[in-house]
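K.L.:
Below you will find the structure I want to go over with you.
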Amino acid sequence: MSNPRKYGGIDCFRLIAALLIVGIHTYPLASVNEELNFGIINIFARIAVPFFLMITGYFVLPQCFYRKDNSSKPLINTIKKTGLIYVGATLLYLPISISAGYYSTGNILATIVKNILFDGTMYHLWYLPALIIGVFLLYILSRRFSLNMIFGVTIVLFVFGLLGDSYYGITSKIPFLKAVYDMGFNIFSYTRNGLFYAPVFLAMGAVIAKNEHSFTKRINLIGFIISMILMLAEGFTLRYFNYQRHNSMYLSLIPCMFFLFLLLLDSKRKASPILRDISMWIYILHPLFIIGVRGLAKTSGLTDLLIENSIGHFLTVCLFTFACAMFITHFRKRYPLKSSALYRRFDPSLNVTSTECVQCYIVYCTLLAHTGSGCDASQFRVLQQLSNSRSHFLHRKRQ
């Protein structure tokens, strides 16, 4: 009998993948070498998002596809949970996205729908609707087709998306295809979305879960290294010929993720649930700290160190984001949000919930220099009380 998997490798790589996503949005090697930055960020780091999609495909989809009762409850729970995170993150970033002009061009209603369904309500949030749409699409297909057939369909969808992403320079030279893609780009800005990008990695996670491939660790490692070399060659070649409209999708990304996921599953490390929450908070919050670090650098005169120095910028954003993610993770574990004990010490007239307290505290920690002018009177009173009471939250014993 084989030993049960411990999934410690998966949990550890969650943190690495989350930090790679931070790197995608901060270009950590841009001030060192542009070619090196492109190779690390625009090619290697592209394994991060597919990895998270494969986690859902591996752990969630088999519960829907292979249960004898054909229960859709796991799928509904996943969509509900992801949807709640998406709504919360959207509200958190709404002032920033509005000020950044996310809703200022074209038909406002059409732009809102486009952002919510495909582009994301903030530049990093596109993953959440992509996950929801991808999971729902696979569930619909599973009602009629086998998993192998579904995987084949998702590969076709991925290739279609590929021709509108890294290979668009070739596609744009064919009038008919260019017209088709240009029409699609009126609906979504990129093909890395829930229709063309997410399904293949969700399906691949489910395929691995079903078949439990027994490749040796050495084969998985060699397969990953060869696939990554091919992806680096593919990426630099496409860049050299200026074919890329975007650079999220590579043909070599599919085998690369296949072998990487098997390699991580083969790890003997114990599972680490805390890393799951920390990686999620890093993903959600890092744009706040990008803004915060830039604001701090400008007000303190440290732009050369914290902005112009891309490594310093990346490390500072990672440090603050990781610290905040750690704090929130331990805070939520110690004081569950469903408990009213968290906000009993606050002024009852403010009528705030524990969720609002935590959200205010996040904003307070991130944009401290702007709270005086960026909040109304009630919000500022909450922030003051949070500031005066945070040591109480950290050290208060469980009730």
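The values are calculated or read from the model by the stated rules, or taken from the named source; none is laboratory data. Keep in mind the model is a prediction, meaning the values are calculated, not measured. A quick note on method: Cβ atoms are made from the backbone with ideal geometry, for glycine too, and the neighbour counts reach across all protein chains shown.
K.L.:
Under the condition of being polar (S, T, N, Q) and modelled with pLDDT under 95, which residue from the range 267-283 is farthest from L92 (Cα to Cα)?
P.N.:
Filtering first and then ranking leaves S267.
Every residue, every condition in (1) at pLDDT below 90; (2) crowded, with 16+ Cβ neighbours inside 10 Å; (3) closer than 19 Å to L91 by Cβ, yes or no:
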| site | (1), (2), (3) |
| --- | --- |
| L285 | no, yes, yes |
| K298 | no, no, no |
| E308 | no, no, no |
| C318 | no, yes, no |
| I328 | no, yes, yes |
| R345 | yes, no, no |
| S354 | yes, yes, yes |
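K.L.:
Just one of R143, R192 is basic (K, R) and within 20 Å of N77 (Cα to Cα); which is it?
P.N.:
R143
K.L.:
Right, something else. Pick out the one residue from G134, G101, G88, G120 that is of a type outside the set (A, V, I, L, M, F, W, C) and within 14 Å of I187 (Cα to Cα).
P.N.:
G120
K.L.:
Kindly establish whether I219 is out of contact with any His (no Cβ under 8 Å at 6 or more places or on another chain), among the β-branched types (V, I, T), in a helix (DSSP H, G or I) and surrounded by fewer than 16 Cβ atoms within 10 Å (Cβ to Cβ).
P.N.:
Taking the combined requirement at face value, the residue satisfies it.
K.L.:
Same structure again: Yes or no: M257 among the aliphatic types (A, V, I, L, M), surrounded by fewer than 21 Cβ atoms within 10 Å (Cβ to Cβ) and part of a helix (DSSP H, G or I)?
P.N.:
no
K.L.:
Follow-up question, since we're still on this one. For a quick check of your reading: which helices (runs of 4 or more DSSP H) sit entirely within the range 90-164 and have at least 3 residues that are surrounded by 14 or more Cβ atoms within 10 Å (Cβ to Cβ) and hydrophobic (A, V, I, L, M, F, W, C)?
P.N.:
127-142, 147-162
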